[in-house]
Structure formats: C-alpha cells, structure tokens
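J.: Before we start, here is the structure in question, set down as structure tokens.
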Amino acid sequence: MTNPLHRLAAAAFGLHAADQFAMAALPLTAVLAFGAGPGLVGALLAAQAAAWLAFSLPAGLLVDRVGRVRLLVAATVAAATGSALALPAAAGGGAAMLGAAAFVASCGTVLFVLTAGSLVPDFATREGLAGANARLELARAAASLGAPPLVGALAGAGWAVAAYGLALAAAGIAV
C-alpha cells in the first residue's frame, strides 16, 4: 500500500476502531468489573471525552508547528499506551486508572484526527479533496458501526476486558 492516502485511511480506521472499542467497553467494564453505578459510568465517559476539550487546541498548535509524520507516530503511541494501560485497569486496577487510560488513548485519537485532516491537501488534488475526505470519514464510520456490537458480544460472553486488547491491536493497525 504505497499510496499515502490509502495508508492514511487505513491508519484512520485503526485509530478510530481503537477509540470505538474503548468507548463501547468503558461503560460495560465499569458496570461488569467494578459494579459501577450511573455516576461512575458518567465520570469515566467524561474522562474519555475530556481529551477533546482539553487537548484539541494544544494538539492543533502542534499540528501547525511540528512535523506531521512525527505527530502521527505520537498519536498512535498515545492511543496504544492508553489501550495497554486500560487492560490491567479493567482487569482490576480500578476505575481511576481506567479513566486515566481512556483519557490518554483519547488524546491520541484527537492528535491523530487533527494531523490526518491537515495531511489530506498534501495527498489529494484540489478536485480530489472531497473524495479524500470522504475516504477518511468512511474509515471513521466503519469503525463506529462495527466496534459496539463486537464489544457487546464480548461483554455478553464475559470477556468485556478483551475489548481493550482489540483496541490495542487496532491502534497497531495505524502504524
């Protein structure tokens, strides 16, 4: 796969799949592993979503000032690190550790999304921008559609924690 736009779309699928696996697993893990009530579930989901609020502006500045290939690598490492930390957290490390892991992984997603979007004009002609952006959006949509039912099936089989392993593997696709 030598076309940079194809590689970027594949990486986008991987990072979005990792994010969606974690997003679907977070409330299920909180309830099934920690016996969490609505307050803790809400707090964990807020920790994951807080990355978009807290990190979007700093990440945007980085995209403007730092090499974008390095940022894609950093984004992938952050997402994989968050997913890797979520495994022991979900297996008994505790809700605070799980929330921190979700925040770190989401910071990776934020950085990736902003960096990938800035690369599209480099990889497509002016006439091809709509198609190139559609390709990235299709990767996001496919991950968003596929991850929740898979995580639900894992949780139903008593394997909710395995979703974080899938998130880690999906982040690896982005490399």
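All of the numbers you see were taken from the coordinates with simple rules; none came from a lab. None of the values given here were measured: they were computed from a predicted structure. Cβ coordinates were reconstructed from backbone atoms using ideal geometry, including for glycine residues, and neighbour counts include every protein chain displayed.
J.: Does anyone have the angle between helix 95-123 and the longest principal axis of the chain? Alpha-carbon axes, 0 to 90°, nearest 10?
T.: In the chain, helix 95-123 runs at an angle near 10 degrees to the longest axis.
J.: Another question, then. Can you give the FRET efficiency for A96 and A50, using 1/(1 + (r/R0)^6), R0 = 22 Å, r = Cβ-Cβ distance, to the nearest 0.05?
T.: 0.95
J.: Continuing with the same structure: Could you grab the relative contact order for segment 13-156? Cα pairs under 8 Å, six or more apart, rounded to a whole percent.
T.: 38 percent.
J.: Okay, next question. Rounded to the nearest 500 deg cm²/dmol, what is the calculated helix-only ellipticity per residue at 222 nm for the chain, with -39500 (n - 2.57) per DSSP H run of length n ≥ 4?
T.: Result for the chain, helices only: -30000 deg cm²/dmol.
J.: If packing is taken as the average count of other Cβ atoms within 10 Å, what order do 133-141, 107-115, 37-45, 157-165 fall into, highest mean first?
T.: Top to bottom by mean Cβ count within 10 Å: 107-115, 157-165, 133-141, 37-45.
J.: In what order do M97, M23 fall by count of nearby beta-carbon atoms within 10 Å, going from fewest to most?
T.: Listed from fewest to most nearby Cβ atoms, that is M97, M23.
J.: Could you pull out every residue, at least 5 positions away or on a different chain, whose amide H is within less than 5 Å of the one on V161? Hs are placed 1.01 Å off N in the peptide plane, and Pro or chain starts have none.
T.: Result for V161 returns nothing.
J.: Moving on to the next point. Which peptide among 62-71, 5-14 comes first, and what is the full order, when sorted by highest mean count of other Cβ atoms within 10 Å?
T.: 5-14, 62-71
J.: Among S118, S83, S106, which one moves the most in a GNM of the chain with springs linking Cα atoms closer than 10 Å?
T.: S118
J.: In nm, give the distance between the simple-model label positions of E137 and T2, each being 7 Å from the Cα along the Cα-to-Cβ direction.
T.: Label at E137, label at T2, 3.1 nm between them.
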